[in-house]
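**Student:** Let me give you the structure first, and then I'll get to my questions.
None of the figures in this text is laboratory data; all of them are computed from the coordinates on show. Here the structure is a predicted model, which is why all the values come from computation and not from measurement. Ideal geometry is used to build each Cβ from the backbone, glycine not excepted, and the neighbour counts take in all protein chains shown.
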């Protein structure tokens with residue numbers, strides 16, 4: 001069973017994403033900001049990370065860049081999940097090391113489809 005780390009400062013978003021992914025058989029951990037995401041990624045070594053961008057403290061762009069530059073976490077695929085829907089946001093997220101980008105609101109089927117794709121290629 002794959003372990004997925006959801007990083008979002010909204011408990012509602014985490015709840016909805018957790019429910020959709022757990023129903024598809026994934027094990028879920030959560031973090032509320034980028035700094036906590038870095039700590040948890042190093043500690044639990046998830047198979048995949050869904051990363052929000054706009055969060056207090058360390059945002060998702062900085063956290064993704066830090067994960068991509070750390071030898072202990074660089075192999076973990078990161079999918080950005082954000083309400084930021086400009087092409088420049090998508091481009092910048094991919095430049096930081098993300099493997100994919102989803103615009104909120106996301107459906108359960110989108111989450112599961114992206115998780116499956118990332119885990120197969122990850």
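**Student:** Quick one: how many residues across region 45-92 are touching a residue at least 40 places away in the same chain (Cβ under 8 Å) and over 14 Å from the mean Cα position of the chain (by Cα)?
**Tutor:** 1
**Student:** Is it the case, given these coordinates, that residue 118 is in a loop (DSSP other than H, G, I, E, B) and out of contact with any helix residue (DSSP H, G or I) (no Cβ under 6 Å at 6 or more places or on another chain)?
**Tutor:** Criteria not met by residue 118.
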